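Quick notes on the structure that follows.
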Amino acid sequence: MTPTDFLHPTPAFLNTVSVSQLLPQQPPFVMVERITAFSRDTTVTETTLSADCLFVDNGQISTEGMIENVAQTCAVRIGYIGKYIEHRPLAVGVVGAVSRLQVFGFPRVGDVLTTTVTVEQEVFGITLISARVECGGQTMLTTSMKLGVQS
């Protein structure tokens, strides 16, 4: 595959990508299981909510858990770019701000979270994103974040 192929990977290739190699987080703090779509501007991940998730209480995920899921989807994007496009070591990102947060529901254990992160702007190492967490086709959370990457 050429670097251009990694910018628009096939679903078959994405099925071979190990998310654990793209994330600085380690179990039990991992909130993303698989990457299902990637482009320079959009990353989509999925995870099945488990009972042992640190952010589950009374069988449902907290707002903070969904925010962490969004942050880890951003981390998957950063890791994917570093590993497959720029051929750099794993970088660590930090959330600088969360804004326009809206919560519409709380997924339960066993539900599949689909998280879409879209880059709105990148400048001087700062990335502004918008994100949506969905479950069963219903929007559970929307937000915007400002992220920085530690080099």
Problem set entry | Pair list, Cβ < 6 Å and 6+ apart or interchain, from the range 107-119 residues that are in contact (Cβ under 8 Å) with a residue 40 or more places away in the chain to residues that are open to solvent by 40 Å² or more (accessible area, probe 1.4 Å) and among the β-branched types (V, I, T) | V112/T48; T118/T42
Problem set entry | Criterion (of a type in the set (A, V, I, L, M), in contact with a Ser or Thr (Cβ under 9 Å, 6 or more places away or on another chain), over 30 Å from A12 (Cβ atoms) and at pLDDT 95 or above) met by exactly one of L113, L128, L141 | L128
Exercise. Is it true that some residue in the range 84-94 is buried (at least 17 other Cβ atoms within 10 Å of the Cβ), touching a residue at least 24 places away in the same chain (Cβ under 8 Å) and touching a Phe, Trp or Tyr at 6+ places or on another chain (Cβ under 9 Å)?
Worked result: yes
Exercise. Pairs, please: C-beta under 9 Å, at least 6 apart or cross-chain, first residue free of Cβ contacts under 8 Å to residues at least 40 places away in the same chain and assigned to a loop (DSSP other than H, G, I, E, B) and in the range 16-32, second open to solvent by 50 Å² or more (accessible area, probe 1.4 Å) and among the acidic types (D, E)?
Worked result: P28/D52
Problem set entry | T127 being surrounded by 17 or more Cβ atoms within 10 Å (Cβ to Cβ), of a type outside the set (D, E, K, R) and more than 16 Å from V32 (Cα to Cα) | yes
Exercise. If L49 passes every condition in (1) surrounded by fewer than 21 Cβ atoms within 10 Å (Cβ to Cβ); (2) among the aliphatic types (A, V, I, L, M); (3) over 22 Å from E120 (Cα atoms) but one, which one does it miss?
Worked result: (1)
Exercise. Which of (1) in contact (Cβ under 8 Å) with a residue 40 or more places away in the chain; (2) within 26 Å of Q21 (Cβ to Cβ); (3) among the aromatic types (F, W, Y) is the odd one out, the single condition F55 does not satisfy?
Worked result: (1)
Seminar exercise, completed: In the range 133-151, anything within 24 Å of A91 (Cβ to Cβ), open to solvent by 40 Å² or more (accessible area, probe 1.4 Å) and not hydrophobic (A, V, I, L, M, F, W, C) is listed as K146, Q150, S151
For this session: Check V112, V103 and return the single one that is within 26 Å of A51 (Cβ to Cβ), open to solvent by 40 Å² or more (accessible area, probe 1.4 Å) and touching an Asp or Glu at 6+ places or on another chain (Cβ under 8 Å).
Result: V112
For this session: Hey, could you check the range 115-124 for residues that are open to solvent by 50 Å² or more (accessible area, probe 1.4 Å) and not polar (S, T, N, Q) and say which is farthest from D41 (Cα to Cα)?
Result: F124
Exercise. Does P11 count as under 19 Å from T115 (Cβ atoms), touching a strand residue (DSSP E or B) at 6+ places or on another chain (Cβ under 8 Å) and surrounded by fewer than 12 Cβ atoms within 10 Å (Cβ to Cβ)?
Worked result: yes
Exercise. Looking at the range 57-83, which of its residues are open to solvent by 30 Å² or more (accessible area, probe 1.4 Å) and either not in a loop (DSSP other than H, G, I, E, B) or not polar (S, T, N, Q) (or both)?
Worked result: D57, Q60, T63, E64, I67, E68, I78, K83
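The values are calculated or read from the model by the stated rules, or taken from the named source; none is laboratory data. Just so you know, these numbers come straight off a predicted model, no measurement behind them. Quick reminder, even Gly has a Cβ in these numbers, built from the backbone with ideal geometry, and neighbours come from all protein chains shown. Each accessible area value is taken on the protein alone, full model and side chains, heavy atoms only, with ligands, DNA and RNA left out. Shrake-Rupley method; radii C 1.70, N 1.55, O 1.52, S 1.80 Å.
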